[in-house]
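Right, one structure below, let's go through it.
The values are calculated or read from the model by the stated rules, or taken from the named source; none is laboratory data. None of these values were measured; they are calculated from a predicted model. Note that each Cβ is placed from the backbone with ideal geometry, even for glycine, and that neighbours are counted across all protein chains shown. These area figures cover heavy atoms from the full protein model, side chains too; ligands, DNA and RNA do not enter into them. Shrake-Rupley method; radii C 1.70, N 1.55, O 1.52, S 1.80 Å.
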Amino acid sequence: MAAVTQRTPNFLGGVSQQTDDLKLPGQLRVCSNAYPDPTFGLTKRPGGKFAFELKDGSGNVIAPATYNNGCWFSIFRDTTEQYIVVISGATINVWSLIDGSRKTVTYGSGATSYLTGTKDDYETLTINDYTFITNKNVVVTTQAAPTYNFGRRATVKLVDVEYGSKYEVTVNATTVSYTTFNAEATITSPSQTENTVNADAILNALTTSINGIGGGITATRIGSTIEVAGTSAFTITAKGGRDKEGLVVYQDGIENISKLPSQSKHGRIFNVTNSTGNEDDYYVIFVAENGVSGNGYWEETVKPDVSPGLTAATMPHQLIRNLDGTFTFQRATWEPRLVGDDDTNSHPSFVGSTIQQLFFYNNRLGFLTDENVSLSQAGDYLNFYNTSALQRFMQLYLYLRACCCLVGHSSS
């Protein structure tokens, strides 16, 4: 049998775990104390240089076995800011790699309760002065949803004012009304003393009558609307004018944003439904200029009875390098869910799971959990929620429209 020879041009393919028949030329099973370099070839691994011994807070040299089960990692900020860090138990120690000095570490409220792992239970990621530390054993949870009582608020809005028309509001089983002046008919209402049609008279009279219903029902006039509130849920209807549409009422939902009143009570919340589906719903809250009622503006908000966001105690914590050279370990201030609900702005996929790895990509903080990848908002590393439920719907709409166009184009 003839001799078989094989020439390997170099060993720059690195280490491969594939079987030998699948390895490419130049790949190795093991590469110990060697460094594959495309310029210099396979070279011996560079050696280390003894710099100094680590010391504790009293200046005593630390025994080598002290942190055998600690999680060690480094922070290289620049040529003058380099540190070695160890997590051991519920304590974090930091030393300078420049002069060996031990740095002071302070702890935020409740932060040490996150340090429950061993050396293999932590993953770290440094971004500038912030090092994110995740405990791979901690399951991410969300904050409890607040209590919000639907059906206890209503807005009665005057749309049209007409002669000789009846305007009435029915709260639960009680109806109050006001009839405007009719020059062609005899005035039959004792309370009707004016001889002109006046919006103020309609609103003021209805407000007074609603306040007289009792049962915890109160009414406050604000501009061209009447805000009705109850100590418990109530039903309410309204009609007015000759076509019965001159007086309308909305409780928790409104068909579209054009129907929102220009004046309202500070903190009044509406669900803008838009259609029968939930995908395009969003919530708005009124912000009064004086913080009470009157003029102001509507801004997008979160559904009032859903969880406001992530529980900071179960999320990755931060080791922060302070300007004075000290460090602070604390819970990160993760951005809350500011808009939408569980349909339009759901929790990130890592909720209910443990975060296994951290990474940084395209100016976003990323988490790996099971088979999922989660990315923060660009430039806003602590925000894993959409900033606008309405914007998300428009993006989804444009995406589906583009898909339909592609399907239609291919079929034609």
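Taking strands (runs of 3 or more DSSP E) as the structural unit, those lying wholly within the range 7-99 and holding at least 2 residues that are surrounded by 15 or more Cβ atoms within 10 Å (Cβ to Cβ) and touching a residue at least 40 places away in the same chain (Cβ under 8 Å) correspond to 71-78, 81-88, 91-96.
Against the list (1) open to solvent by 30 Å² or more (accessible area, probe 1.4 Å); (2) free of Cβ contacts under 8 Å to residues at least 60 places away in the same chain; (3) closer than 12 Å to Thr155 by Cβ, the condition Ile254 fails is (1). Return the residue satisfying two criteria in turn: it lies in the range 56-80 and is closer than 21 Å to Lys119 by Cβ and polar (S, T, N, Q), and of such residues it is modelled with the highest pLDDT. Of everything passing the filter in the range 56-80, Ser74 is modelled with the highest pLDDT. On the basis of being closer than 30 Å to Asn271 by Cβ and at pLDDT 95 or above, does Gly352 make the cut? Considered against the rule, which asks whether it is closer than 30 Å to Asn271 by Cβ and at pLDDT 95 or above, Gly352 comes out as yes. When restricted to residues that are over 24 Å from the mean Cα position of the chain (by Cα), more than 22 Å from Gly151 (Cβ to Cβ) and open to solvent by less than 70 Å² (accessible area, probe 1.4 Å), the range 276-310 contains 4. In the range 369-379 there is no residue that is out of contact with any Gly (no Cβ under 9 Å at 6 or more places or on another chain), of a type outside the set (Ser, Thr, Tyr), touching a residue at least 60 places away in the same chain (Cβ under 8 Å) and outside any strand (DSSP E or B). Among the numbered conditions (1) in a loop (DSSP other than H, G, I, E, B); (2) open to solvent by less than 30 Å² (accessible area, probe 1.4 Å); (3) over 21 Å from Ile320 (Cα atoms), the only one that Asp120 does not meet is (2).
Suppose the filter is open to solvent by 50 Å² or more (accessible area, probe 1.4 Å) and at positive phi; does Asn128 pass it? Against the criterion (open to solvent by 50 Å² or more (accessible area, probe 1.4 Å) and at positive phi), Asn128 qualifies. Restricting the search to the range 222-281, which residues are among the aliphatic types (A, V, I, L, M) and assigned to a strand (DSSP E or B)? Once the filter is applied, which keeps residues that are among the aliphatic types (A, V, I, L, M) and assigned to a strand (DSSP E or B), the range 222-281 yields Ile222, Ile226, Val228, Ala229, Ile236, Ala238, Leu247, Val248, Val249, Ile254, Ile269, Val272. Taken over the range 302-338, residues that are out of contact with any helix residue (DSSP H, G or I) (no Cβ under 8 Å at 6 or more places or on another chain), under 19 Å from Tyr114 (Cβ atoms) and hydrophobic (A, V, I, L, M, F, W, C) amount to 6.
Checked against (1) closer than 21 Å to Phe367 by Cβ; (2) surrounded by fewer than 16 Cβ atoms within 10 Å (Cβ to Cβ), Asn149 passes all but condition (1). Please count how many residues of the range 334-360 are among the hydroxyl-bearing types (Ser, Thr, Tyr) and either touching a strand residue (DSSP E or B) at 6+ places or on another chain (Cβ under 6 Å) or closer than 13 Å to Ser376 by Cβ (or both). The qualifying residues number 3.
Taking the criterion of being farther than 13 Å from Thr131 by Cβ and of a type in the set (A, V, I, L, M), the residues of the range 58-85 that qualify are Val61, Ile62, Ala63, Ala65.
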